[in-house]
Amino acid sequence: MRRGIKFSPLNHQFSVMNDVLTFFLYLSGGYGSGKTYCLVMKMFQLMDLNPGLPGGITAPTTKMFQRDVLPTIRQICAANGISFRWWASKGELFFPATNTTVYVFHGQDDGDSIAGPNLAWMLINEASKCSWL
């Protein structure tokens, strides 16, 4: 990804993007504050820092991922000439530029799918709406 993605972060987004040492990083904001956009930009940053190592994104439901996160990924990729593949049936995104697979998990399976894979990093969209069973 070293080509550089166009991003002019707001102050709260900048602090998240600038922090690469905090193990558990959290961004909270109101509707339209750019949380999902920042989440996707953080995904690209983590792919760049860990090329070839798998990562993951969790959303409360598959529908929420496909409604919120996936369109944001598509938008950023289109604007920056980044190719990727999305396999909905496997819940996987693949980014050839960094040789990175991103697994998509959802709270509907109560965490069953998250057990097993070794991930270099993990992101959570709408953590307060995820099942905690």
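In this structure R74 has an accessible area near 120 Å², from a 1.4 Å probe over the protein heavy atoms.
Accessible surface for K35 stands near 60 Å², nearest 10, in the context of the full protein assembly shown (1.4 Å probe).
The values are calculated or read from the model by the stated rules, or taken from the named source; none is laboratory data. These numbers were taken from a predicted model, which means no experiment stands behind them. Just the protein is used for accessible areas: all its heavy atoms, side chains included, with ligands, DNA and RNA removed. Shrake-Rupley method; radii C 1.70, N 1.55, O 1.52, S 1.80 Å.
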